[in-house]
Amino acid sequence: MRRLSRTAVLATVFVVAACGLVYELALVALGSYLIGDTVGQASIVLGVMVFAMGVGAFAVKPLQKHAAGAFAAVEIVLALLGGLSVLTLYAAFAWLDLYVPALIAVAFVLGLLIGAEIPLLMVLLQKIRKQDAGEAVSDLFAADYVGALLGGLVFPFLLLPVFGLIQGALVVGALNALCGLALVLGLFRTELGRRSRWVLTASATAVFALLGFVYTVSDNFETTAQQQLYRDPIVHSQRTKYQDIVITKSVSLSGAADVRLFLNGDLQFSSVDEYRYHEALVHPAMSGPHGRVLVLGGGDGLALREVLKYPGVRAATLVELDPAVIALAKAEPLIRDLNGQSFNDPRVTVVNTDAFTWLRDAPRGFDVVIADLPDPDSTATAKLYSTEFYGLIKQVLAPGGRLVVQSGSPYFAPKSFWCIDATVRAAGLVTTQYHAEVPSFGDWGFVLAGAGEAPGLRLAADAPPRRYLDAETLSAASVFPADRRRLPMEPSTLTHPRIIDLVRAEWKNY
């Protein structure tokens, strides 16, 4: 009987450890979705929670004489706060603009409660059978660490795909309360008075009911909160394992439909003026040989649309990390009509993988490489604006080949713009800088690069008709005002991603 009881306590340690790690990972994941700073969010969450766990382990000492009731109470409160943590932080971000203070508060309280678990479970374990302290600690921490492994695996491979962040946290909260109550009422019932048992059972029932109710309305809550973050009505929303995809639609002042695509809250295009951006991005790079074209990013198919207008293009390869973006660009009429069903062209090959990884073993001989990648505001995207990344691109360029990089705005983010230019040059390429007026973004900049001589800004002899970019506009695009000319910036590398800090500093008020 003692062996079964000890097994039950250790199994409880296993489960609550898994739940605790899931809460940590959920807070980090939410921050990466909303803020984009995965390293920063992880540092805040883990640092605050580990500190709070130490405080909790110390603060629970007076309650060890009532270990059974205290443990059940801790699990019920942890289930409530942990289960509602993601929803609470999402609301703080959407309506109150208090995300970081709320994150610190939630991480501290959850860490405090998690830290109280092990000392109380140690006392309960010793109540079953006295044993050497070192042996008991070994048993408890073995179960704790293995449980953490389970939580680390369950979170990305089960909870996120099946339930999502909000509902996944609610499910884990319910499991937390159930596990704690079952242990105490099953093995240590006699240590609790009738009133204590009634209070704990009633409290747990109330928590289960509240979590269940929130679960049923969480989809509506998420839709309402998400809409709060966007000016126009949302017509499509999808969360993948890589990012949050949102499409909005409204009517512009001209009366035309304004369809906008957002990835993790960052605007990718507006249908009203996307042609300006994509013509400026693609056509200057196509002025030389363009038989084989590589597009990095650009999963919406709009840059690909411009590429395929050239009859001389024999093959176009597009590398996009998230297959959901490609599927949306193929199936969603609002985007499919914009990209001209470019993915149906037989010349197109789509590769769903990380661009950096793919380039390491990529085929050589591309005449044009178009880097239409997300802005470098996180560690995940900063590597795509590094010297190492552009060095890999240089290897796949054919002799006389050209690279073009979307580089942010030289007007409101000049340091970021010139850092990207310096990074491309550090990879051994020669650059030409230009910019274009895209009302949805403001004045937007591009870096055109090649080996040997600085590539000239011109249009190809077989350039197709365009709505915005003509020879006169292109000539003016290379002219920068005196206060926006080259800045002496250091390149961004994998080990020193300077571009992240520059982007965050310059774009925070954009």
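Might you check whether a residue that is closer than 23 Å to Leu261 by Cα, within 23 Å of the chain's Cα centre (by Cα) and without any contact (Cβ under 8 Å) to a residue 40 or more places away in the chain occurs anywhere in the range 384-392?
Looking through the range 384-392, none of the residues is closer than 23 Å to Leu261 by Cα, within 23 Å of the chain's Cα centre (by Cα) and without any contact (Cβ under 8 Å) to a residue 40 or more places away in the chain.
In this structure, does Val106 turn out to be touching a helix residue (DSSP H, G or I) at 6+ places or on another chain (Cβ under 6 Å), on the phi < 0 side of the Ramachandran plot, buried (at least 18 other Cβ atoms within 10 Å of the Cβ) and among the β-branched types (Val, Ile, Thr)?
yes
Quick check on Asn176: is it touching a Leu at 6+ places or on another chain (Cβ under 7 Å) and within 25 Å of Gly82 (Cβ to Cβ)?
Yes; evaluated as a whole, the condition is true for this residue.
Tell me which residues, restricted to the range 38-52, are buried (at least 20 other Cβ atoms within 10 Å of the Cβ) and more than 12 Å from the chain's Cα centre (by Cα).
Val45, Val48, Met49, Ala52
For the subset of the range 307-322 comprising residues that are touching a residue at least 60 places away in the same chain (Cβ under 8 Å) and farther than 16 Å from Phe262 by Cβ, which member is nearest to the chain's Cα centre (by Cα)?
Leu321
Going by what's in this entry, would Pro119 be described as in the same structural domain as Glu24 (by TED's automatic domain parsing) and out of contact with any helix residue (DSSP H, G or I) (no Cβ under 7 Å at 6 or more places or on another chain)?
Taking the combined requirement at face value, the residue does not satisfy it.
Of everything in the range 114-138, what is over 25 Å from Leu80 (Cα atoms), of a type in the set (Val, Ile, Thr) and either more than 42 Å from the chain's Cα centre (by Cα) or buried (at least 20 other Cβ atoms within 10 Å of the Cβ) (or both)? Give them in sequence order.
Ile128
Could you say whether any residue in the range 225-243 is crowded, with 21+ Cβ neighbours inside 10 Å and out of contact with any Cys (no Cβ under 9 Å at 6 or more places or on another chain)?
yes
Testing Glu453 on (1) over 33 Å from the mean Cα position of the chain (by Cα); (2) of a type outside the set (Val, Ile, Thr); (3) under 24 Å from His278 (Cα atoms), one condition comes back false. Which one is that?
(3)
For residues in the range 139-165 being more than 13 Å from Val22 (Cβ to Cβ) and surrounded by 19 or more Cβ atoms within 10 Å (Cβ to Cβ), which is nearest to the chain's Cα centre (by Cα)?
It comes out as Asp144.
Among the residues of the range 203-257, count how many are assigned to a strand (DSSP E or B) and touching a Gly at 6+ places or on another chain (Cβ under 9 Å).
Residues that pass the stated criteria total 3.
Would it be correct to say that Pro465 is touching a Lys or Arg at 6+ places or on another chain (Cβ under 8 Å) and of a type outside the set (A, V, I, L, M, F, W, C)?
no
Among (1) touching a residue at least 40 places away in the same chain (Cβ under 8 Å); (2) touching an Asp or Glu at 6+ places or on another chain (Cβ under 6 Å); (3) over 23 Å from Trp507 (Cα atoms), there is one condition Gly299 misses while meeting the rest; what is its number?
(1)
Looking for whichever is closer than 30 Å to Asn264 by Cα and surrounded by fewer than 20 Cβ atoms within 10 Å (Cβ to Cβ) here; the options are Tyr90, Tyr23, Tyr33. Which one fits?
Tyr33
What is the one condition in (1) modelled with pLDDT of 95 or more; (2) of a type in the set (Val, Ile, Thr); (3) under 20 Å from the mean Cα position of the chain (by Cα) that Ile35 does not satisfy?
(1)
The values are calculated or read from the model by the stated rules, or taken from the named source; none is laboratory data. Since the structure is predicted, the reported quantities are computational estimates derived from the model, not experimental observations. Note that we place each Cβ from the backbone using ideal geometry, even for glycine, and neighbour counts take in every protein chain shown.
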